[in-house]
Amino acid sequence: MKSELFEVAQRSPIAERPRRLRRLQSLRMLVRETRLSTADLMYPIFVDQRLTGRQEIEAMPGISRLSLSDLKTEIDEITSGNIPAVLVFGLPKRKDAVGSEAYAENGIVQQAVREIKRHAPGLVVATDVCLCQYTDHGHCGLVQGGEILNDESLKLLARTAVSHAKAGADIVGPSAMMDGQVRAIRNALDEQGCRSTAIMAYSAKFASSFYGPFREAAESAPVWGDRRTYQMDPPNRREAMREIATDINEGADIVMVKPALSYLDLIREARNRFDTPLAAYNVSGEYSMIKAAGQKGWLDEERVAREVLTAIKRAGADIIITYFAKEAKRWFEEGTGQ
Ligand code: PBG
């Protein structure tokens, strides 16, 4: 019986032999469909107004909060690796109910942007536009009676975006998930003469548990409640497409899916549906999981990170926001970049 089957297999020709093109590394390179490079990456940085030197973030090995005076060295490292863009987050010296430091002329992000642009005018500077790092309650908008107000928050988000743009930001990234935030920001930018400032909208941003380490990094955890009344519900796919369509309609230049890894299906769907440049945020928890398993010796950290970033690109992202960017620079320098 066994040998009979074998003979049948021998007689019927095997139509496809994909293994022919897997024989050599050079052959595999020729037929590779997705190539990751540092040019795809945007690197998030945390600038802390209270610091005088850098401070490591325990939950994100390899990532530190920086003081303003650390920026030059950090930026030199980034530009020497041909990473085209940074995404700036700020930790202010003080918080209050209305997030005043988010839109203060000499707020930490505004100062950091000026400093980076002075030092490296060709580096793309994007900023996160949100109130959560600046409010004492830790929510992304104004709060009244336990509710996060939408329309009242828009003015402050628009003011924040304009102050970033005036400091020199090339891209502002509204991440508060307030309805109408992209339109409010576009109108304000245009009125204030910031027509060339682009908007990267955190369009499909989910209420995800993968932001845990970031909230330690940015001290932005809500003091009470959670973000589920404004960030998206993770099971929703059609709603994500509506959020993206709305933001494009309101004037977004770049749209985003966040987090990336558990939402690769949405990245692919957005890529198929829309022609607007698409960013994917490989968030803090996705980074820290790999780091932790790597430290334990359970995973080959570098290979896993490369596989993950390549998968995000293969899913359809044009821009990958990732804490691995500086390490990725090393992979390519060493010629190990696949
Ligand atoms: C601010 C903001 C958050 C992240 C980016 N911008 C946190 C949040 O929404 O709670 C998360 C980034 C990460 O986890 O790497 N709203």
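Panel order for Leu123, Leu27, by other beta carbons found within 10 Å of each beta carbon, from fewest to most: Leu27, Leu123. Computed 3J(HN,Hα) for the stretch 89-96, one whole-Hz value per residue from the Karplus formula 6.51 cos²θ - 1.76 cosθ + 1.60 where θ = phi - 60°, is 10, x, 10, x, 6, 8, 10, 8, glycine and proline marked x.
From least to most packed, judged by other beta carbons within 10 angstrom and beginning with the fewest, Val182, Val124 follow the order Val124, Val182.
Kindly express, to the nearest 10 degrees and within the range 0 to 90, the angle between helix 284-295's C-alpha long axis and the longest C-alpha principal axis of the chain. Value to nearest ten degrees: 50. Using amide H atoms built in the peptide plane, which far-off residues or other-chain residues are under 5 Å from Ser203 H to H? The answer is Met256. The Rg/Rh ratio for the chain, using Cα coordinates for both the radius of gyration and the Kirkwood hydrodynamic radius, is 1.05.
Seen against the Cα atoms of the chain and their longest principal axis, helix 238-250 is set at about 50 degrees. The fewest-to-most ranking of Arg114, Arg19 by surrounding Cβ atoms within 10 Å reads Arg19, Arg114.
With contacts taken as Cα pairs under 8 Å and at least 6 residues apart, the stretch 1-110 reaches a relative contact order of 25 percent. Contact order, relative form, for the chain: 17 percent (alpha carbon pairs under 8 Å, 6 or more residues apart, mean separation divided by residue count). Taking Ala169, Ala158, Ala104 in turn, the Gaussian network model of the chain (Cα-Cα springs below 10 Å) assigns the largest fluctuation to Ala104. Using C-alpha pairs under 8 Å with a sequence gap of at least 6, the mean separation divided by the residue count of the stretch 85-127 gives a relative contact order of 54 percent.
Computed from the Cβ-Cβ distance with R0 of 45 Å, the FRET efficiency linking Ser80 to Leu27 stands at 0.85.
In plain terms, the chain from Ser37 to Arg94 could stretch by 16.7 nm, reckoned as 0.36 nm per residue minus the Cα-Cα distance. When the chain is treated as a Gaussian network with alpha carbon springs shorter than 10 Å, the biggest mean-square fluctuation among Glu115, Glu58, Glu101 belongs to Glu58. All C-alpha to C-alpha distances of the stretch 35-116, sorted into 10 Å bins beginning at zero, yield P(r) values of 17, 46, 29, 7, 1 percent in whole numbers.
Sort the stretch 131-268 into rounded, prolate or oblate with this rule: let a ≥ b ≥ c be the square roots of the eigenvalues of the Cα gyration tensor; rounded if a/c is under 1.5, and if a/c is not under 1.5, prolate when a/b is larger than b/c, oblate otherwise. It comes out oblate by the Cα gyration axes. Taking the chain as a Gaussian network of alpha-carbon nodes connected by springs under 10 Å, the highest mean-square fluctuation of the residues Ile78, Ile312, Ile185 belongs to Ile78.
Helix 181-191: angle to the longest alpha-carbon principal axis of the chain, degrees 0 to 90, nearest 10? Approximately 60 degrees, to the nearest 10. The phi-based Karplus calculation (6.51 cos²θ - 1.76 cosθ + 1.60; θ = phi - 60°) puts the 3J(HN,Hα) values of the stretch 38-50 at 4, 5, 8, 9, 10, 10, x, 10, 10, 10, 10, 5, 8 Hz, whole numbers, x for Gly and Pro. Per residue of the chain, the DSSP helices (runs of n ≥ 4 H) give a summed -39500 (n - 2.57) that works out to -12000 deg cm²/dmol at 222 nm. Where both bridge residues fall in the stretch 36-333, DSSP classifies roughly 10% of the beta bridges as antiparallel.
Since every read-out is calculated from the coordinates, none of them should be taken as a lab result. Just so you know, these numbers come straight off a predicted model, no measurement behind them. Heads up, the Cβs are rebuilt from the backbone with ideal geometry, glycines too, and the neighbour counts pull from every protein chain shown.
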